[in-house]
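Computed from the coordinates by the stated procedures, all read-outs in this text should not be read as laboratory data. All figures in this text were calculated on a predicted structure; none of them were measured in a lab. Cβ: placed from backbone, ideal geometry, glycine included. Neighbour counts: every protein chain shown.
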Amino acid sequence: MTADSTDTDTANDTDTAPIAAPLSQEDRLRRWRLVLGSEAATHCGALTGRAAELDQALAALYEADGPGGLQARERRGGRGGSSPSVARWLGDIRKYFPSSVVQVLQRDAMERLNLRDMLLQPEMLESVQPDVHLVANLMALSHVIPAGTKDTARMVVRRVVDDLMKRLEDPMRSAVSGALDRSQRNRRPRHAEIDWNRTIRANLRHWQPDLRTVVPETLVGFGRKARRPQREVVLCIDQSGSMANSVVYASIFGAVLASLPAVATKLVVFDTAIVDLTEQLDDPVDVLFGVQLGGGTDINGAVGYCQSLIKEPRNTIFVLISDLYEGGVEANLLRRAAELVDSGVQFITLLALSDEGAPAYDHALAAKLAALGVPSFACTPDAFPQLMAAAIRRDDINAWAATQGLVTSAKAR
């Protein structure tokens, strides 16, 4: 992928490379040289011009111990003096690669070069390509970020949150609002509550040719305006380090749900401690900086706390977002789950809320929960609005997951 991106000067403007013409032998050698690194120079030849500059940017990361590598620069100049070099490198990769590749390189740099310490520098934060993974790292560092860097960190997180809100807010709002309307339809509406489009479609068989009109036998109405929320949603999020991306997306969805008057939303995060962030839901950035990633996991304790928040079980949707590696008392967790299901709560477990692919999770505990009527599956951010809509309509969540190609841990009873 990296070698292909060198064939066009517009790589930094688009994530989609143009269809390439057949490669010459020289081009093939150049690509192999970029892939294999400096050790292949003898067999593949030297690089010049733009290709040499691109190779230097790659070598700084993937040959980090070499003369031009970022680790070597850090050893020579000390940690404080290395930040400008890394910042320049971040600028270089944005110059040579499309944004999707930049994000991959940044993640590799975080793992290979331990750039977490460097991210505490404002000039570094201003240079990076912001994405969900960077936000997760800033969340993990939030309690040690120096005061002079916090404003810059919040600015970076705000950019990511705003971008995600643009992509996810409208689908979430539309799906949930539509599901609420359908769930509240009534067959004895007042005149102002009649849904004329649905009423006409439902009564087309009663068309009267002589009168040139439809005589409605059945009236279909919108739901009456509720004076209190129609549904309660509790988002309970495991804040262990492996769930970082899920925390980002769940916080944004929680903020959208909290903005809907017909939905009463609560947001709780936990490890071995429990933090209720409901009061901060009006600003997802405040939520994210209130999260402390890491630590153990007491799912039973968190579910118990959330259980105490539920006032109307049959109108409540409880979403536990966790990989289910329980550090608390599993038997008590299963007992609480059974109590919630029996009381009428729609209890759903999301093993991940991210685009990262199949998550690691405790298969045995997921199966035990599924046997109690609590389906468990991973969900992408794009599918989450429809999941909430299905839950509001009280659809069969296992059937919904099957239509989305999501594999549940086991069939619910």
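Let a ≥ b ≥ c be the square roots of the eigenvalues of the Cα gyration tensor of the stretch 231-403; is it rounded (a/c under 1.5), or, if not, prolate (a/b larger than b/c) or oblate?
Rounded.
For residue 162, what is the net charge nearby, where nearby means another residue's Cβ is under 15 Å from its Cβ and Lys, Arg count +1, Asp, Glu -1?
With Lys, Arg at +1 and Asp, Glu at -1, the neighbours total -2.
With a cut-off of at most 10 other beta carbons within 10 Å, and DSSP calling the residue loop, which trypsin sites (Lys or Arg not before Pro) in the stretch 254-341 qualify? Please list them.
Listed in order of number, the matching sites are 311.
How large is ³J(HN,Hα) for each residue in the stretch 315-327, as worked out from phi by the Karplus curve 6.51 cos²θ - 1.76 cosθ + 1.60 (θ = phi - 60°), to whole Hz, x for Gly and Pro?
Calculated HN-Hα couplings, in order: 10, 10, 10, 10, 10, 9, 10, 6, 7, 6, 7, 7, x Hz.
Using the Karplus equation 6.51 cos²θ - 1.76 cosθ + 1.60 (θ = phi - 60°), what ³J(HN,Hα) coupling, rounded to whole Hz, does each residue of the stretch 200-216 give in order, writing x for Gly and Pro?
So the J values, rounded to whole Hz, are 5, 5, 6, 10, 4, 5, 9, 5, 10, x, 5, 8, 6, 7, 9, 9, x.
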